[in-house]
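Here the structure comes first, spelled out in structure tokens, and everything after it is commentary.
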Amino acid sequence: MKHEEIYLDPDFRKSPKGPHCHICQRALKGNSVRVYVSQESNWSNAIHPEDIGEVGDYEIVNIGPECSKIIPASYYIIKAK
Ligand SMILES: [Zn+2]
């Protein structure tokens with residue numbers, strides 16, 4: 001891993017329906033970002049896109065504009081044009 005994993009502390013107590021922020025589990029409003037995460041039952045780590053080949057299990061999640069402030073922009077998945 002070239003880049004540090006970023007520890008996230010999602011609020012998994014809620015069980016939202018529809019598109020929601022991975023961290024606060026609230027419905028998405030505004031510009032969300034997408035990141036790779038490796039997820040366990042009660043925490044998850046954001047993975048840098050350059051390191052994703054070294055991670056066995058990962059998911060792509062949406063994170064809302066407020067919660068995404070703890071994650072550097074270099075970790076965001078850039079949409080292919
Ligand atoms: Zn959030």
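Readers should treat all values here as calculations from the given coordinates under stated rules, not as data from a laboratory. What you are looking at is a predicted structure, and each value in this text was computed from that prediction instead of being measured. Ideal geometry is used to build each Cβ from the backbone, glycine not excepted, and the neighbour counts take in all protein chains shown.
Taking residues in the stretch 57-70 that are in contact (Cβ under 8 Å) with a residue 12 or more places away in the chain and over 12 Å from Lys29 (Cα atoms), and partners anywhere that are within 8 Å of the ligand (Cβ to nearest atom) and assigned to a loop (DSSP other than H, G, I, E, B), the pairs with Cβ atoms closer than 7 Å and at least 6 places apart or on different chains are Val61/His22.
Checking each residue in the stretch 35-81 for being in contact with a His (Cβ under 9 Å, 6 or more places away or on another chain) and among the aromatic types (Phe, Trp, Tyr) picks out Tyr36, Tyr75.
Quick check on my filter: what residues within the stretch 31-81 are of a type in the set (S, T, N, Q) and either under 18 Å from Glu4 (Cα atoms) or in contact with a Cys (Cβ under 6 Å, 6 or more places away or on another chain) (or both)? Please lay out each step first, then the result.
Pass one, the stretch 31-81, residues of a type in the set (S, T, N, Q): 31-32, 38-39, 41-42, 44-45, 62, 68, 74.
Within the stretch 31-81, Ser38, Gln39, Ser44, Asn45, Ser68, Ser74 meet the criteria.
Can you tell me which residue among Gly53, Gly30 is outside any loop (DSSP other than H, G, I, E, B) and more than 13 Å from the chain's Cα centre (by Cα)? Show your work before the answer.
Values: Gly30 fails: outside any loop (DSSP other than H, G, I, E, B).
Only one candidate qualifies: Gly53.
Within the stretch 8-27, does at least one residue satisfy the condition of being farther than 22 Å from Lys79 by Cα, within 15 Å of the ligand (Cβ to nearest atom) and in a strand (DSSP E or B)? Yes, the stretch 8-27 contains a residue that is farther than 22 Å from Lys79 by Cα, within 15 Å of the ligand (Cβ to nearest atom) and in a strand (DSSP E or B).
In the stretch 33-41, is there at least one residue being more than 15 Å from the ligand (Cβ to nearest atom), crowded, with 16+ Cβ neighbours inside 10 Å and assigned to a loop (DSSP other than H, G, I, E, B)? Let's see the steps before the verdict.
As a first pass, look at the stretch 33-41 and keep what is more than 15 Å from the ligand (Cβ to nearest atom): 36, 38-41.
Then keep just the ones that are crowded, with 16+ Cβ neighbours inside 10 Å; that gives 36, 38-39.
Filter once more, so that each one left must be assigned to a loop (DSSP other than H, G, I, E, B): none.
Within the stretch 33-41, none of the residues are more than 15 Å from the ligand (Cβ to nearest atom), crowded, with 16+ Cβ neighbours inside 10 Å and assigned to a loop (DSSP other than H, G, I, E, B).
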